[in-house]
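Here is the structure we will look at, set down as structure tokens.
The values are calculated or read from the model by the stated rules, or taken from the named source; none is laboratory data. From a predicted model like this one, the values you see are computed outputs, not experimental measurements. Reconstructed Cβ throughout: ideal geometry from the backbone, glycine too, with neighbour counts over all protein chains shown. In case anyone asks, the SASA skips ligands and DNA or RNA and just uses the protein heavy atoms, side chains included. Shrake-Rupley method; radii C 1.70, N 1.55, O 1.52, S 1.80 Å.
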Amino acid sequence: MWQPFDKTLWQGRIDPNSGSRSQRWHQRIAEPVAEVPGTCLIGFASDRGVQLNKGRTGAVEGPNALRSALASLAAHFDRALYDDGTVHCADEDLPASQTAFGDRVAARLEEGHFVIGLGGGHEIGYASYTGLRQWLDQNDPGARLGILNFDAHFDLREPSPDATSGTPFYQIAQDCKQRGLPFHYACIGISEAANTPVLFDTADELGVHYLRDLNCTDVHATPFIQRFIGELDYLYVTVCLDVLSAGHAPGVSAPAAVGIPPTFLLNCLTEIQRCCQFASCQWLMADIAELNPSYDQDNRTAKLAARLVWEMDALQTPGRVSV
């Protein structure tokens, strides 16, 4: 299911007199090196979950579209940049592909890398969690892991019978219950129009913290993020691009009529890192979900997703954010 790092996917502009201060991502990206921690990208080429969730397919092409958008971005920092290839959903076997992706996440976390998953449908959420849980079981079993999801949808449906892009966080809640662990899950950007009352009931029953799209301002989000991260030891951030308005992100599986602005999301990422530093919470990984190049316009969504990845990497640089 896994295809290794392919340098030919990384092509872009080369500036004249290109010393280290004029390099771009495509000049720095390499296979992972265990001895030198950095930011490690792992693709998850799947929209099987979207298909099962009756969504519009095409997100399977998301990882490479995102790589193309990242390639010419400026490399400002000394941190190493790695590409650990792509896990594909072969033979429509979603659970097997999620396990394979999780194995790679756990291995790269063990090497000390900050991992960013490139989706793919939001079934990447459960795939990322399996890797995080595997790493935690080996290193800190009783730790408090939190999931902060930027999304118009809760994705708390029960599998019936198959797991989909709409079920990952319900699956995680059930796994936490079986292990006797708390379920720390927060969602920013929830659309009341896109989630049935039953899903709100499920969220309330599971103790989910959420901020509706119409309340997504810095005034509301800052204390929301502070309270959530203050309860955690480790953090996983997942961004479903359909949380953004369709005007900014048309290339997604389920475009939003309202959504949140990109600058708000970028400000939230900075606040997340600031709160993690203040609360001694380790931000372990992030992922980007639902990039669907088939419906993108002038690569707007891919470019925006690339900026989010760029910012996540930048925030891992010491001194980038002051407490």
Practice item. On the protein heavy atoms, probe 1.4 angstrom, tell me the percent of accessible surface of region 1-142 carried by carbon and sulfur. Key: 46 percent
**Study point:** Under 14 Å from the Cα of Lys54 - aspartates and glutamates, other chains or at least 8 residues apart
**Key:** Glu123, Asp155, Asp162, Glu290
**Study point:** Dipole in debye (nearest 20) - region 88-165, about Cα centre, beta carbon charges: Lys, Arg +1; Asp, Glu -1
**Key:** 300 debye
Check your understanding: Using the Cα gyration tensor of region 166-323, with a ≥ b ≥ c the square roots of its eigenvalues, what is the shape: rounded (a/c below 1.5), prolate (a/b larger than b/c) or oblate (neither)?
Key -> oblate
Check your understanding: What size of dipole, in debye to the nearest 20, comes out for the chain about its Cα centre when the only charges are +1 on Lys and Arg C-beta atoms and -1 on Asp and Glu C-beta atoms?
Key -> 840 debye
Practice item. Could you pull out every residue, at least 5 positions away or on a different chain, whose amide H is within less than 5 Å of the one on Tyr210? Hs are placed 1.01 Å off N in the peptide plane, and Pro or chain starts have none. Key: Cys187
Point to revise | For region 110-253: accessible area per residue (Å², 1.4 Å) | key: 36 Å²
Study note, to complete from the structure: Summed over the other residues with a beta carbon less than 11 angstrom from that of Leu52, with K and R at +1 and D and E at -1, the charge totals -1
Check your understanding: Which order do peptides 159-171, 67-79, 190-202 fall in by mean Cβ count within 10 Å, highest first?
Key -> 159-171, 67-79, 190-202
Revision key, fill the gap. Taking the dipole of the chain about the Cα centre (Lys, Arg +1; Asp, Glu -1; charges at Cβ), the one of Thr301, Ile14, Trp25 that reaches farthest to the positive side is Ile14
Review point. In debye, nearest 20: dipole of region 180-296 around its Cα centre with unit charges on the Cβ of K, R (+) and D, E (-)?
Key: 260 debye
Point to revise | 15 Å beta-carbon shell around Phe183, net charge (K/R +1, D/E -1) | key: -3
Review point. With the dipole of region 221-323 worked out from charges on the C-beta (+1 for Lys and Arg, -1 for Asp and Glu) around the Cα centre, which of Cys268, Val258, Phe228 lies farthest toward the positive end?
Key: Cys268
Revision key, fill the gap. Ordering 252-259, 177-184 by per-residue average of other C-beta atoms within 10 angstrom, highest first, gives 252-259, 177-184
Practice item. Name the residues whose placed amide hydrogens come within less than 5 Å of the amide hydrogen of Arg144, ignoring near sequence neighbours (fewer than 5 apart) on the same chain. Key: Asp233, Tyr234
Check your understanding: Going out from 0 in 10 Å bins, what whole percent of all Cα-Cα distances in the chain drops into each bin?
Key -> 6, 29, 39, 22, 4, 0
Exercise for review: Run a plain Debye calculation on region 1-147 (Cα atoms as equal point scatterers, no solvent) and give log10 I(q)/I(0) at q = 0.09, 0.16, 0.17, 0.18 Å⁻¹, rounded to two decimals, same order as the q list.
Suggested key: -0.30, -0.87, -0.96, -1.04
Review point. Based solely on its DSSP helices, what 222 nm [θ] is calculated for the chain when runs of n ≥ 4 H residues each add -39,500 (n - 2.57) and the sum is averaged over all residues, nearest 500 deg cm²/dmol?
Key: -11500 deg cm²/dmol
Check your understanding: In square angstrom, rounded to the nearest 10, how much accessible surface does Ile272 have for a 1.4 Å probe?
Key -> 0 Å²
